[in-house]
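The values are calculated or read from the model by the stated rules, or taken from the named source; none is laboratory data. Because the structure is a prediction, the values reported are computed rather than measured. Methodologically, a virtual Cβ is constructed for each residue, glycine included, from the backbone with ideal geometry; neighbour enumeration extends over all protein chains shown.
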Amino acid sequence: MPIRFALLVSGTTFEQWEIDCVDHLLAIPGVELALLIVDARPPVKPNPWYRKWRALRHFNTLGWELYRQRFVQTAIPLRQRFDLAPRFQNVPRINAQVIRKGKFSEYFSPEDVARIRALDLAFMIRFGFNILRGEVLSSARYGIWSFHHDDLEKYRGSPPCFWEIYFGDPQTGVTLQRLTDRLDSGVVLRKESFPTCFESYPRNLERALQFGVPWPADLCRGILRGETACFETPASSSGAPIFRSPTNAQLLRLLWRSRNTS
(Lines give C-alpha, C1' and ligand atoms only; values in the text may rest on other atoms or scores of the structure.)
Protein backbone atom coordinates (compact mmCIF):
# COMPACT_ATOMS: atom_id res chain seq x y z
CA MET A 1 0.00 0.00 0.00
CA PRO A 2 1.56 3.35 -0.98
CA ILE A 3 2.28 6.01 1.61
CA ARG A 4 0.46 9.17 0.56
CA PHE A 5 1.35 12.48 2.15
CA ALA A 6 0.46 16.16 1.82
CA LEU A 7 2.31 19.43 2.21
CA LEU A 8 0.82 22.39 4.06
CA VAL A 9 2.24 25.43 2.28
CA SER A 10 1.76 29.15 1.78
CA GLY A 11 2.16 28.80 -2.00
CA THR A 12 4.34 26.94 -4.47
CA THR A 13 7.57 28.68 -3.43
CA PHE A 14 9.76 26.52 -1.20
CA GLU A 15 13.01 27.03 0.68
CA GLN A 16 15.85 24.78 -0.44
CA TRP A 17 15.86 22.73 2.78
CA GLU A 18 12.14 22.01 2.29
CA ILE A 19 12.78 20.89 -1.29
CA ASP A 20 15.54 18.57 -0.06
CA CYS A 21 13.19 17.14 2.56
CA VAL A 22 10.53 16.36 -0.07
CA ASP A 23 13.13 14.87 -2.42
CA HIS A 24 14.27 12.46 0.31
CA LEU A 25 10.67 11.34 0.74
CA LEU A 26 9.96 10.88 -2.96
CA ALA A 27 13.14 8.83 -3.39
CA ILE A 28 11.49 6.04 -1.37
CA PRO A 29 9.55 3.55 -3.54
CA GLY A 30 5.85 3.66 -2.72
CA VAL A 31 5.88 7.16 -1.20
CA GLU A 32 3.67 9.65 -3.05
CA LEU A 33 2.96 13.36 -2.74
CA ALA A 34 -0.83 13.24 -2.98
CA LEU A 35 -1.90 16.77 -2.08
CA LEU A 36 -0.83 20.39 -1.71
CA ILE A 37 -2.81 22.28 0.90
CA VAL A 38 -2.33 25.94 0.09
CA ASP A 39 -3.21 28.88 2.32
CA ALA A 40 -5.83 30.68 0.22
CA ARG A 41 -5.64 33.98 2.07
CA PRO A 42 -4.19 36.89 0.06
CA PRO A 43 -1.10 38.53 1.56
CA VAL A 44 -1.90 41.46 3.81
CA LYS A 45 -0.67 44.81 2.52
CA PRO A 46 -0.82 47.30 5.39
CA ASN A 47 -1.29 50.95 4.56
CA PRO A 48 1.65 53.37 5.02
CA TRP A 49 0.30 54.81 8.27
CA TYR A 50 0.06 51.36 9.79
CA ARG A 51 3.63 50.58 8.75
CA LYS A 52 4.91 53.73 10.44
CA TRP A 53 2.96 52.96 13.63
CA ARG A 54 4.19 49.36 13.65
CA ALA A 55 7.80 50.43 13.15
CA LEU A 56 7.58 52.77 16.14
CA ARG A 57 5.80 50.19 18.25
CA HIS A 58 8.43 47.54 17.52
CA PHE A 59 11.47 49.81 17.55
CA ASN A 60 13.03 47.71 20.31
CA THR A 61 13.26 44.72 17.94
CA LEU A 62 13.99 46.67 14.75
CA GLY A 63 17.65 45.64 14.82
CA TRP A 64 16.70 41.97 14.71
CA GLU A 65 14.32 42.49 11.76
CA LEU A 66 17.00 44.28 9.76
CA TYR A 67 19.65 41.69 10.66
CA ARG A 68 17.33 38.81 9.78
CA GLN A 69 16.31 40.22 6.42
CA ARG A 70 19.67 41.58 5.25
CA PHE A 71 22.20 39.16 6.71
CA VAL A 72 20.57 35.90 7.81
CA GLN A 73 18.21 35.12 4.95
CA THR A 74 20.78 35.91 2.26
CA ALA A 75 23.65 34.10 4.00
CA ILE A 76 22.01 30.66 4.15
CA PRO A 77 21.79 28.73 0.86
CA LEU A 78 19.24 26.36 2.38
CA ARG A 79 16.87 29.30 2.88
CA GLN A 80 16.93 30.43 -0.72
CA ARG A 81 13.47 30.16 -2.28
CA PHE A 82 12.42 28.48 -5.53
CA ASP A 83 9.07 28.29 -7.29
CA LEU A 84 8.07 24.66 -7.81
CA ALA A 85 4.74 25.36 -9.52
CA PRO A 86 5.77 23.59 -12.76
CA ARG A 87 7.04 20.55 -10.87
CA PHE A 88 3.86 20.18 -8.82
CA GLN A 89 1.34 21.19 -11.51
CA ASN A 90 -0.21 17.70 -11.57
CA VAL A 91 -0.48 17.34 -7.80
CA PRO A 92 -4.06 17.82 -6.51
CA ARG A 93 -4.53 21.01 -4.53
CA ILE A 94 -6.84 22.37 -1.86
CA ASN A 95 -6.96 26.12 -1.42
CA ALA A 96 -7.75 26.05 2.27
CA GLN A 97 -10.08 28.57 3.83
CA VAL A 98 -8.59 29.16 7.26
CA ILE A 99 -10.70 30.37 10.15
CA ARG A 100 -8.73 32.42 12.67
CA LYS A 101 -9.76 32.31 16.33
CA GLY A 102 -8.02 34.43 18.90
CA LYS A 103 -4.73 36.09 18.02
CA PHE A 104 -2.87 33.23 16.33
CA SER A 105 -4.91 29.98 16.27
CA GLU A 106 -6.03 28.76 12.84
CA TYR A 107 -8.74 26.19 12.07
CA PHE A 108 -9.65 24.53 8.80
CA SER A 109 -13.26 24.56 7.62
CA PRO A 110 -15.22 21.32 8.09
CA GLU A 111 -15.45 21.02 4.30
CA ASP A 112 -11.66 21.16 3.84
CA VAL A 113 -11.11 18.68 6.67
CA ALA A 114 -13.55 16.27 5.01
CA ARG A 115 -11.74 16.59 1.67
CA ILE A 116 -8.40 15.83 3.34
CA ARG A 117 -9.79 12.81 5.21
CA ALA A 118 -11.21 11.40 1.97
CA LEU A 119 -7.68 11.03 0.56
CA ASP A 120 -6.60 8.64 3.34
CA LEU A 121 -3.25 10.36 3.88
CA ALA A 122 -0.55 8.84 6.04
CA PHE A 123 0.76 12.22 7.21
CA MET A 124 1.16 15.89 6.36
CA ILE A 125 4.19 18.15 6.70
CA ARG A 126 3.71 21.77 7.73
CA PHE A 127 5.81 24.20 5.70
CA GLY A 128 3.25 27.01 5.94
CA PHE A 129 0.32 28.35 7.99
CA ASN A 130 0.63 29.47 11.60
CA ILE A 131 -0.63 27.74 14.76
CA LEU A 132 -2.94 24.98 13.53
CA ARG A 133 -5.61 23.62 15.81
CA GLY A 134 -8.78 21.55 15.58
CA GLU A 135 -9.85 18.59 13.45
CA VAL A 136 -7.19 19.07 10.79
CA LEU A 137 -4.57 17.82 13.27
CA SER A 138 -6.07 14.31 13.13
CA SER A 139 -7.12 14.24 9.48
CA ALA A 140 -4.14 12.04 8.47
CA ARG A 141 -3.30 8.70 10.10
CA TYR A 142 -0.04 9.88 11.61
CA GLY A 143 -0.94 13.52 11.95
CA ILE A 144 0.82 16.72 10.92
CA TRP A 145 4.59 16.78 11.25
CA SER A 146 6.38 20.03 11.95
CA PHE A 147 10.01 20.96 12.51
CA HIS A 148 11.05 22.93 15.56
CA HIS A 149 14.64 23.99 14.99
CA ASP A 150 15.54 24.00 18.69
CA ASP A 151 15.38 21.58 21.59
CA LEU A 152 11.68 21.63 22.51
CA GLU A 153 12.51 20.98 26.15
CA LYS A 154 14.69 24.11 26.37
CA TYR A 155 13.45 26.71 23.91
CA ARG A 156 9.98 27.36 22.57
CA GLY A 157 8.97 30.24 20.32
CA SER A 158 11.46 31.99 18.07
CA PRO A 159 13.84 32.75 16.45
CA PRO A 160 15.25 29.27 15.80
CA CYS A 161 18.79 28.44 16.95
CA PHE A 162 19.37 31.96 18.34
CA TRP A 163 19.09 31.51 22.08
CA GLU A 164 21.64 28.71 22.28
CA ILE A 165 24.32 31.18 21.19
CA TYR A 166 22.89 33.95 23.37
CA PHE A 167 22.90 31.83 26.55
CA GLY A 168 26.10 29.94 25.73
CA ASP A 169 24.40 26.56 25.38
CA PRO A 170 26.98 24.08 23.99
CA GLN A 171 24.30 22.06 22.15
CA THR A 172 21.70 23.17 19.60
CA GLY A 173 18.72 20.86 19.23
CA VAL A 174 16.38 19.98 16.39
CA THR A 175 12.93 18.49 16.99
CA LEU A 176 10.43 16.92 14.61
CA GLN A 177 7.03 16.74 16.27
CA ARG A 178 3.48 15.66 15.57
CA LEU A 179 1.37 18.73 16.21
CA THR A 180 -1.19 18.87 18.98
CA ASP A 181 -3.51 21.63 20.14
CA ARG A 182 -0.86 22.97 22.52
CA LEU A 183 1.77 25.37 21.16
CA ASP A 184 5.23 23.80 20.76
CA SER A 185 4.20 20.80 22.86
CA GLY A 186 3.58 18.12 20.26
CA VAL A 187 4.41 14.43 20.19
CA VAL A 188 8.18 14.30 19.73
CA LEU A 189 8.93 11.99 16.80
CA ARG A 190 12.67 12.62 16.76
CA LYS A 191 15.05 14.92 18.59
CA GLU A 192 18.82 15.25 18.30
CA SER A 193 21.47 17.92 18.87
CA PHE A 194 24.81 19.08 17.54
CA PRO A 195 27.58 21.38 18.87
CA THR A 196 26.47 25.02 18.78
CA CYS A 197 28.28 27.18 16.26
CA PHE A 198 28.96 30.22 18.45
CA GLU A 199 30.92 32.13 15.82
CA SER A 200 27.98 32.54 13.42
CA TYR A 201 24.22 32.58 13.92
CA PRO A 202 23.49 31.95 10.21
CA ARG A 203 25.83 28.96 10.26
CA ASN A 204 24.20 27.56 13.39
CA LEU A 205 20.75 27.86 11.80
CA GLU A 206 21.92 26.30 8.54
CA ARG A 207 23.34 23.30 10.40
CA ALA A 208 19.99 22.80 12.10
CA LEU A 209 18.09 23.00 8.81
CA GLN A 210 20.43 20.46 7.20
CA PHE A 211 20.37 18.20 10.25
CA GLY A 212 16.66 17.43 10.05
CA VAL A 213 16.23 17.18 6.27
CA PRO A 214 16.22 13.33 6.06
CA TRP A 215 14.09 12.71 9.17
CA PRO A 216 10.61 12.52 7.56
CA ALA A 217 12.00 9.99 5.07
CA ASP A 218 13.46 7.99 7.95
CA LEU A 219 10.04 7.95 9.65
CA CYS A 220 8.46 6.79 6.38
CA ARG A 221 10.85 3.86 6.22
CA GLY A 222 9.82 3.04 9.77
CA ILE A 223 6.15 3.08 8.77
CA LEU A 224 6.92 0.69 5.92
CA ARG A 225 8.54 -1.65 8.46
CA GLY A 226 5.49 -1.39 10.73
CA GLU A 227 7.28 0.78 13.32
CA THR A 228 4.56 3.26 14.32
CA ALA A 229 4.71 3.34 18.13
CA CYS A 230 6.41 6.75 18.17
CA PHE A 231 3.25 8.40 16.81
CA GLU A 232 1.21 7.39 19.85
CA THR A 233 3.58 8.48 22.62
CA PRO A 234 2.37 11.20 25.03
CA ALA A 235 2.75 14.79 23.92
CA SER A 236 5.63 16.80 25.30
CA SER A 237 4.90 18.51 28.59
CA SER A 238 7.67 21.03 28.03
CA GLY A 239 7.62 23.98 30.38
CA ALA A 240 10.43 25.71 28.50
CA PRO A 241 10.10 29.48 28.20
CA ILE A 242 8.53 30.84 25.02
CA PHE A 243 10.91 33.32 23.41
CA ARG A 244 10.06 36.18 21.06
CA SER A 245 12.04 38.38 18.68
CA PRO A 246 15.29 39.53 20.31
CA THR A 247 15.57 43.11 21.46
CA ASN A 248 18.23 45.38 20.02
CA ALA A 249 20.35 44.84 23.16
CA GLN A 250 20.01 41.04 22.93
CA LEU A 251 21.05 41.09 19.26
CA LEU A 252 24.15 43.16 20.11
CA ARG A 253 25.07 40.68 22.82
CA LEU A 254 24.77 37.76 20.37
CA LEU A 255 26.91 39.56 17.77
CA TRP A 256 29.50 40.40 20.41
CA ARG A 257 29.64 36.78 21.55
CA SER A 258 29.97 35.56 17.96
CA ARG A 259 32.80 37.99 17.23
CA ASN A 260 34.72 37.00 20.33
CA THR A 261 34.49 33.26 19.66
CA SER A 262 35.43 33.34 15.96
**OP:** Within segment 154-169, identify whether any single residue is touching a strand residue (DSSP E or B) at 6+ places or on another chain (Cβ under 8 Å), small (G, A, S) and at pLDDT 95 or above, and answer yes or no.
**Re:** no
**OP:** Tell me, yes or no, whether segment 181-194 has at least one residue that is modelled with pLDDT under 95, over 24 Å from E106 (Cβ atoms), out of contact with any helix residue (DSSP H, G or I) (no Cβ under 6 Å at 6 or more places or on another chain) and surrounded by fewer than 20 Cβ atoms within 10 Å (Cβ to Cβ).
**Re:** no
Original post:
Considering segment 164-173 alone, what residues qualify as being in contact with a Pro (Cβ under 9 Å, 6 or more places away or on another chain) and surrounded by 21 or more Cβ atoms within 10 Å (Cβ to Cβ)?
Top reply: E164, T172
**OP:** Look through segment 231-246, keep the residues that are surrounded by 15 or more Cβ atoms within 10 Å (Cβ to Cβ) and either among the hydroxyl-bearing types (S, T, Y) or in contact with a helix residue (DSSP H, G or I) (Cβ under 8 Å, 6 or more places away or on another chain) (or both), and return whichever of them is modelled with the lowest pLDDT.
**Re:** S238
Original post:
When you scan segment 176-262 for helices (runs of 4 or more DSSP H) that lie fully inside it, which ones turn up with 2 or more residues that are within 18 Å of the chain's Cα centre (by Cα)?
Top reply: 201-212, 215-224
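Rundown of residues vs (1) acidic (D, E); (2) in contact (Cβ under 8 Å) with a residue 12 or more places away in the chain, yes/no style:
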{"site": "K103", "(1), (2)": "no, no"}
{"site": "V136", "(1), (2)": "no, yes"}
{"site": "H149", "(1), (2)": "no, yes"}
{"site": "K154", "(1), (2)": "no, yes"}
{"site": "D169", "(1), (2)": "yes, yes"}
Original post:
Which of the residues spanning segment 1-44 are under 16 Å from the mean Cα position of the chain (by Cα), small (G, A, S) and modelled with pLDDT of 95 or more?
Top reply: A6
**OP:** Within segment 183-223, count every residue that is in contact (Cβ under 8 Å) with a residue 40 or more places away in the chain, closer than 21 Å to S236 by Cα and of a type in the set (D, E).
**Re:** 1
**OP:** Starting from residues that are among the aliphatic types (A, V, I, L, M) and under 21 Å from the mean Cα position of the chain (by Cα), keep the ones in segment 91-112 and report whichever is surrounded by the fewest Cβ atoms within 10 Å (Cβ to Cβ).
**Re:** I99
